[in-house]
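Here the structure is laid out as structure tokens; the discussion comes afterwards.
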Amino acid sequence: MNVSARNNVRINGSGEKAMVFAHGFGCDQNMWRFVEPAFRNSFRTVLFDHVGAGGSDLSKYDPVKYGSLSGYADDLIEIGRELDLKDAVFVGHSVSAMIGILASLKAPGLFSSLVLVGPSARYIDDGDYRGGFSANQIEELLEFLEANHMGWSAQMAPAIMGNADRPELGEELTNSFCRTDPDIAKHFARVTFTSDNRDDLAKVTTPTLVLQCSEDIIASTEVGEYVQRRIPGSKLVILNATGHCPNLSAPDEVIAAMRAFV
Amino acid sequence: MKSSRRCAPLSELTPSVPASSIIEDLEDLYENAPCGYLSLEPGGRIFKVNKTLCNWTGYGPEELLGKRLHHLLNIAGRMFYETHIAPLLRMQGFFHEVALDLVTAKGDLLPMIVNAAERRDSEGKPISTRITFLRATERRRYERELLDARDQSRSQEAAARASLTSERETSELREQFIAVLGHDLRNPLASISAGARILLRKPKDETETKVLQMMETTVLRMAGLIDNVLDFARGRLGGGITLSRNADTSIEPVLQQVVDELRTAMPDRRIESDFRITQPINCDRTRLGQLVSNLLGNALTHGAPDKPVLVRALTDNGMFELSVSNAGEPISAEAMEHLFQPFFRGRVRASLQGLGLGLHIASEIARAHEGTLTVKSDSEETRFTFLMPLRI
């Protein structure tokens, strides 16, 4: 199996150490377009799309395998093996923060440090734990996703998939960064927003940096602090950036915080 | 060609009204446009909103200024905005045709189609984001119906596929069952028959001979019944009667064997045969053997016991004709109607009662050969005639 093609792996930069960027739920590796180039001088940068997103091979989407974050973590490990990565820096946004943690636990030595941008170990409230959402609200989101195909149509799929490089955005490819087969989007959303990785946090031994945005409705500051508190020896940086995607809205701040850490 | 279809300038179309006399009130266009307008600071706060959007949502402008767009969205919309729309805006500078529900001051949902574009400075930094809202209640309802219809047809298809699969499995199981049953029933019968034949060759008294002959008859009848039952089951389960035709080998020995077998089994009865086959017959020999065996068995059961049964076979006029006739009571008009239907049984004594499949199978064999099986019955004789074309 060609892991690089399956996950649309892109490699840039030079350096002994590798830095692996993983995108979260919603869009694809383009989420890192303002951050990744800043590290090309000192790192071999690795970008990829989760299966189901962006330029990945949709035919490899297996609802059973990707029925839990563990399936995505396995892919991440396979990418690491194929590229012969050791002691790499992992940078994961949103749900990929937990995917990176799972991979670091399954494959010790793969990563020497973890940068978690907007992580959440659980999105749904549970007793005293405040994830930020009720189970009903997550169901609403899943229904909502069905109404929002983002211009997806089965006929368009080959055009989108065959255009992994996307040198220029044609009118045809409008919204393509965040366009996914609606069934896959819904399934990934369910897996993401019903995940619970709170028990995995304490097992992390890799040095970890948590980057937390202000006013993030997906992963609140309280949630970010919880993640930091549970991961032994981890650091928390609260960014001035608002929203859930500082990698896009405040790349300079993200880059600075990452440089200080790695 | 294309150039000739270009739109004519406005002035040419409306010569009586000079274009300069129409002045659009841009302020009014913004405020009262047939769509909602809203502008966001780079930090995501609303700094301008038009009257149309205020009217639709029931908020005054002062209630919206300084708020985030989240203020007008439900939780799902906010999550979608954060995970899809905000990133898209930063990445491609715009988004088109996104379906969002606005939450009004009263809490109602207003389905919208939303476009947005970032206004950027010369360095590409965002100055503001302009968002346009178009109402889409009807369209959303229609899309919802399409989605529901799709889901429904998907689940129906899945159910149909599941039942088809289970039907196939059942049918395969039946096929196997029939094959195994046929094998298991025929084998013991063959050993009984073989045993009876061995005993018939040894010296014995009259009673023993009679008993052994009866056993032969019974075995023969039993074998015929099994064949018929299996054929019927196959036919009903979709297999039908399949033929393996062969024109090179003569049919006569097969017919003779059937007649001989019944003669041996029923020495008290007279079976006369008259075979005049001069041309090759492209037929399934085993099947025609079964057909004649069924007809002959039928004639012996229902015909007058003291009168002979006649089997005739001949080729003539490009046809193969095979008939079995017997004397005795004619078939009643009522029975005539159902003669070839499965499980139809004429009135005979219980010990001779069959399953009522013999004539049905015979007619199916005839049909498979593109031939016909007909009956004529009067006080003189009852005659079944099979007719098939020689060259098919």
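Read-outs: derived from the displayed coordinates by stated rules, not from any lab. Computed from a predicted structure; not experimentally measured. Please note: Cβ atoms are built from the backbone with ideal geometry, for glycine as well, and neighbour counts cover all protein chains shown.
For this structure, a couple of remarks:
- Amide hydrogen proximity for residue A:13: with H placed 1.01 Å from N in the peptide plane, the residues at 5 or more positions away or on another chain lying under 5 Å are A:45.
- For chain B, the relative contact order works out to 9 percent when only alpha carbon pairs closer than 8 Å and six or more residues apart are counted.
- For residues of B:71-79, the mean tally of beta carbons on other chains within 10 Å: 6
- Within 10 Å of the Cβ of each residue in A:241-251, the mean number of Cβ atoms contributed by other protein chains is 4.
- Cysteines (scope chain A) whose Cβ has no counterpart Cys Cβ under 4.7 Å: A:213, A:245
- Relative to one another, the C-alpha centroids of region B:87-111 and region A:53-123 are positioned 30 Å apart.
- Assigned charges on the beta-carbon of Lys, Arg, Asp, Glu; chain A dipole about Cα centre (debye): 860
- Converting phi to 3J(HN,Hα) with the Karplus coefficients 6.51, -1.76 and 1.60 and the offset θ = phi - 60°, region A:98-114 yields 6, 4, x, 4, 4, 5, 5, 6, 6, 10, x, x, 5, 10, 9, 7, 10 Hz in sequence order, with x at every glycine or proline.
- Listed residue (B:299, B:326, B:314) projecting farthest to the positive dipole end of region B:264-336, Cβ model: B:314
- Each peptide in B:107-120, A:13-26, B:196-209 receives the mean, over its residues, of other Cβ atoms within 10 Å, and ordering these scores from highest gives A:13-26, B:107-120, B:196-209.
- Relative contact order computed over chain A (Cα-Cα under 8 Å; 6+ residues apart), in percent: 21
- Computed from backbone phi with θ = phi - 60° and the Karplus coefficients 6.51, -1.76 and 1.60, the 3J(HN,Hα) list for region B:55-61 is 4, 5, 8, x, 9, x, x Hz; x is used for glycine and proline.
- In summary, the helical segments of chain B meeting the span-like criteria, namely a full DSSP H run, a Cα extent along the axis of 24 angstrom or more and a mean Kyte-Doolittle hydropathy of at least -0.5, are B:206-236, B:285-302.
- Highest mobility in the GNM of chain B, judged by mean-square fluctuation with C-alpha springs under 10 Å and restricted to B:253, B:188, B:126, is found for B:126.
- Among A:31, B:319, the ranking by other beta carbons within 10 Å of each residue's beta carbon, starting with the fewest, stands as B:319, A:31.
- All other residues whose Cβ lies under 14 angstrom from that of residue B:284 are scored, Lys and Arg at +1 and Asp and Glu at -1, for a net of -1.
- Distance between the modelled labels on residue B:257 and residue A:42, one decimal in nanometres: 9.4 nm (7 Å Cα→Cβ projection).
- Only Cα pairs under 8 Å and 6+ residues apart enter the sum, and on that basis the relative contact order of region B:241-389 stands at 24 percent.
- Only the Cβ atoms of Lys and Arg (+1) and of Asp and Glu (-1) were treated as charged; on that basis the dipole of region B:151-219 about its Cα centre amounts to roughly 360 debye.
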